[in-house]
Amino acid sequence: MRMKSLGRSGLKVSVVGLGCNNFGMKIDQAETDRVVAKALDLGVTLFDTADAYGNKGGSETMLGKALGTRRKDIVLATKFGLPMGEGDYMKGGSRRYIVNAVEASLKRLGTDYIDLYQLHFPDPETPIEETLAALDDLVRSGKVRYIGSSNLAGWQFVEAAFIAKERRLAPFVSAQNHYNLLDRKIEHELVPAVKKYGGSILPYFPLASGMLTGKYKRGLDLPNDGRLTQWGERGKALLSDANFEMVEQVAVFAEKRGKTVLDAAIGWLASQPHVASVIAGATKPEQVEANVAAGSWEMSAEELDEMNRITFRF
Ligand code: NAP
């Protein structure tokens, strides 16, 4: 497994990580155990979850159980900020909330430290200074090792970097945002900001929820157990003609090289210097196996140009 540095930090992460939002939602504890065991066997070290996943807490609880004593071997990433209950005190980026949220996550995960603690969404009602200062205290206390952002705009990442520098607070070392071959919008503003100010991108929805796995084919019946089939109208939006056209071109590009659409989707992200780890979600051990294998494709300059020609559409 290839390892990469997370932003301008000393932390190394596996180039293919495991997204854990299916745990407690689409898959139960026994299936989670199998998916996590496969990822550990294959050298995955970054496991990404959030307090809200799995109906508020289920994913963290199941991940903690599945890792057991192997927790010490991996980089455990979780998030806070989405509502975990009713009212103003159960969400957001305030000091009051963060201090409680971290304790609840530690308890569910069955650990006494979190490697990467991420602000899940910007909180427009809390000054970012307050969020950063509260997170810095957690870093100094040892409960958290590094901090990251998620769903910030480019200017918000820069603002946070400036404030952290000015006030000597721990900086965000990562930005987790929506990014895949079908959606490259963050390359406008966020990617240049993160590159300049010392972070890495952790792309979420790297497989466009399955659209980039090759298992959905235009004109053929949808697989019964696929996420996009089960998502109904939301799934249909991704199964559009424009997306199929692009996926078909990616398939031709990949097949010429003895590879698949899935290989190209993960290999392309893994080949970007600004991407540290591709946190693909999985519901079965075989998916983890395929996703890890795909991460070994380091695309040449010519291959990256060709991918730009096929997918660059803004
Ligand atoms: P994704 O990686 O684009 O899609 C994962 C889904 O695709 C799997 O659940 C599985 O669904 C299918 N799949 C995966 N590997 C496959 C393979 N080899 N062959 C066939 N199908 C395969 O989307 P995601 O899991 O939602 O996103 C990745 C991670 O990003 C999440 O787990 C989460 O940790 C994080 N995330 C973060 C945010 C945020 O706001 N920060 C938002 C969303 C996600 P089926 O088997 O059900 O088809």
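The values are calculated or read from the model by the stated rules, or taken from the named source; none is laboratory data. Source: prediction; values computed, not measured. So basically every Cβ, Gly included, is an ideal-geometry build from the backbone, and we count neighbours across all protein chains shown. Ligands, DNA and RNA are excluded from the accessible area calculation, which covers all protein heavy atoms including side chains. Shrake-Rupley method; radii C 1.70, N 1.55, O 1.52, S 1.80 Å.
Ala170 - would you say it is under 19 Å from Leu6 (Cα atoms), aliphatic (A, V, I, L, M), in contact with a Pro (Cβ under 6 Å, 6 or more places away or on another chain) and not in a strand (DSSP E or B)? Can you show your working first?
Details: under 19 Å from Leu6 (Cα atoms): yes; aliphatic (A, V, I, L, M): yes; in contact with a Pro (Cβ under 6 Å, 6 or more places away or on another chain): no; not in a strand (DSSP E or B): yes.
When the stated conditions are applied, Ala170 does not pass them.
Where helices (runs of 4 or more DSSP H) fall wholly inside region 1-118, the ranges with 1 or more residues that are within 21 Å of Leu135 (Cβ to Cβ) and open to solvent by 50 Å² or more (accessible area, probe 1.4 Å) are 95-109.
Please enumerate the residues belonging to region 209-221 that are within 14 Å of the ligand (Cβ to nearest atom) and open to solvent by 70 Å² or more (accessible area, probe 1.4 Å). If the condition is that a residue be within 14 Å of the ligand (Cβ to nearest atom) and open to solvent by 70 Å² or more (accessible area, probe 1.4 Å), then Lys215, Lys217 are the ones that fit.
Could you list, in sequence order, all residues of region 103-127 that are closer than 13 Å to Ile147 by Cα and away from the ligand (no atom under 16 Å from the Cβ)? Can you show your working first?
Initially, region 103-127 is screened for residues closer than 13 Å to Ile147 by Cα, giving 113-120.
Matches in region 103-127: Tyr113 only.
Table: residues versus (1) of a type outside the set (Gly, Ala, Ser); (2) farther than 20 Å from Arg2 by Cβ; (3) over 15 Å from the mean Cα position of the chain (by Cα); (4) within 16 Å of the ligand (Cβ to nearest atom).
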| residue | (1), (2), (3), (4) |
| --- | --- |
| Leu262 | yes, no, yes, yes |
| His274 | yes, no, no, no |
| Ala294 | no, no, yes, yes |
| Trp297 | yes, no, yes, yes |
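Are any of the residues in region 36-53 within 22 Å of Asn177 (Cβ to Cβ), more than 11 Å from the ligand (Cβ to nearest atom) and touching a Lys or Arg at 6+ places or on another chain (Cβ under 6 Å)? Among the residues of region 36-53, not one is within 22 Å of Asn177 (Cβ to Cβ), more than 11 Å from the ligand (Cβ to nearest atom) and touching a Lys or Arg at 6+ places or on another chain (Cβ under 6 Å), which makes the answer no.
Remark: pairs (first residue in region 13-24, among the hydroxyl-bearing types (Ser, Thr, Tyr); second residue within 11 Å of the ligand (Cβ to nearest atom); Cβ separation under 9 Å; 6+ apart in sequence or on different chains) = Ser14/Leu46; Ser14/Ser277; Ser14/Val292.
Remark: pairs (first residue in region 251-268, free of Cβ contacts under 8 Å to residues at least 60 places away in the same chain; second residue of a type in the set (S, T, N, Q) and surrounded by 24 or more Cβ atoms within 10 Å (Cβ to Cβ); Cβ separation under 6 Å; 6+ apart in sequence or on different chains) = Leu262/Thr213. Within the span defined as region 162-171, one or more residues are in contact with a helix residue (DSSP H, G or I) (Cβ under 8 Å, 6 or more places away or on another chain) and within 21 Å of Ile279 (Cβ to Cβ). In region 186-208, the qualifying residues are those that are touching a residue at least 40 places away in the same chain (Cβ under 8 Å) and within 13 Å of the ligand (Cβ to nearest atom), and the one that is most open to solvent (accessible area, probe 1.4 Å) is Tyr204.
Determine if region 243-258 includes at least one residue that is of a type in the set (Phe, Trp, Tyr) and either touching a Lys or Arg at 6+ places or on another chain (Cβ under 6 Å) or modelled with pLDDT of 95 or more (or both). The answer is yes; a qualifying residue exists.
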